[in-house]
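What follows is a single structure, written as structure tokens, with notes after it.
Nothing in this text is a laboratory measurement; each read-out follows from the coordinates by a stated rule. The model shown is predicted, which means the values in this text are computed figures rather than measured ones. Positions of Cβ are generated from backbone atoms using ideal geometry, with glycine treated the same way; all protein chains shown enter the neighbour counts.
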Amino acid sequence: MTDKKSDQFSFDARVARRYNRQRAHPPEVAAQIGAAIASQAQPLAGSVARVLELGVGTGRIAWPVLDAGCRVIGMDIAEQMLDEVFSTAPDRQRSELPLIRADMHALPLAEHTFDAVLAVHVLHLARDWRQVMDEALRVLRPEGVFIQGDDWIDPESVVGSLRDELRRHAVRLKPDLMPPSARAAQRAAFTEQPGGAVQQIIAAEWTTYVSPAERLKSVEERTDAESWILTPDLFDAMLVHLRDYAANIWPDLDEPQPVTRRFILKVSQKER
């Protein structure tokens, strides 16, 4: 969640350390995602696809894309996140995945440099998403692709239900709050760019099992961006409500529930 008057999100060391553990994909799913992204990042004849990931985070997407045969550069403004990239892959060489600390609104990169620009769960953090899109277009070569990645969770599942109720109740408690995902324009932003018709691809689909108690514990530990800047009083009130909400839906909070997940790509091609 974020206050409408502020665009500040805190990716501190605690969040950075937990980020990959919270959002990591199973190894076989990560490989599917990497292969799907690589298949869209078609290079010019005789070369290796060059991919820039905006908001590389801890490298959970960049590593599989690299392993699928692409040359990847990771960019992030949060130093704490960049510090975790090689912690999550201690056996890898730093030369394999060059990292840049930079603002996605002003990329320190030459124009027409990349075959693909990748953005996963980052556009909603932009101060000015149109400027970010302009920068993505600038560094893409003609006919290069912009790829948005999204972790989709079944909204009827225990994870989806508790996530959505958290958002609804936080807004009930403080109407001037909104979840990052409420900035709807960013998600389809590239459709407004030249040649911006979007192709949607399901890169992977899998099922995990999570109990309501496990999900509530995750919320309590404030591992989700939704809760990072809620004040302690607001967060405590929201958590009490969420526990009551869960108890009214699931008789046994310790019973694992199936959660269908997908990783979805939205791909747009730059014109010549």
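Placing +1 on the Cβ of every Lys and Arg and -1 on the Cβ of every Asp and Glu, with no other charges, gives the range 99-161 a dipole of roughly 300 debye about its Cα centre.
Remark on Val56: its backbone amide H falls under 5 Å from those of Met75, Asp76, a criterion applied only to residues 5 or more positions apart or on other chains, H modelled at 1.01 Å from N.
About the centre of its Cα atoms, the range 203-272 shows a dipole size close to 640 debye [charges on the beta carbon of Lys, Arg (+1) and Asp, Glu (-1) only; nearest 20 debye].
As a proxy for reagent exposure, ranking Leu239, Leu118 by other Cβ atoms within 10 Å from fewest up yields Leu239, Leu118.
Here the spin labels are modelled as points 7 Å beyond Cα on the Cα-Cβ line, and at Thr260 and Asp134 they lie 4.1 nm apart. Counting beta carbons within 10 Å around each of Val48, Val259 and listing the fewest first gives the order Val48, Val259. Taking amide H as placed 1.01 Å from N in the peptide plane, the amide H of Leu253 sits under 5 Å from none that are at least 5 places away or on another chain.
So if we plug the beta-carbon distance of Ile202 and Glu156 into 1/(1 + (r/R0)^6) with R0 = 25 Å, what FRET efficiency do we get, rounded to 0.05? Once rounded, the FRET efficiency stands at 0.90.
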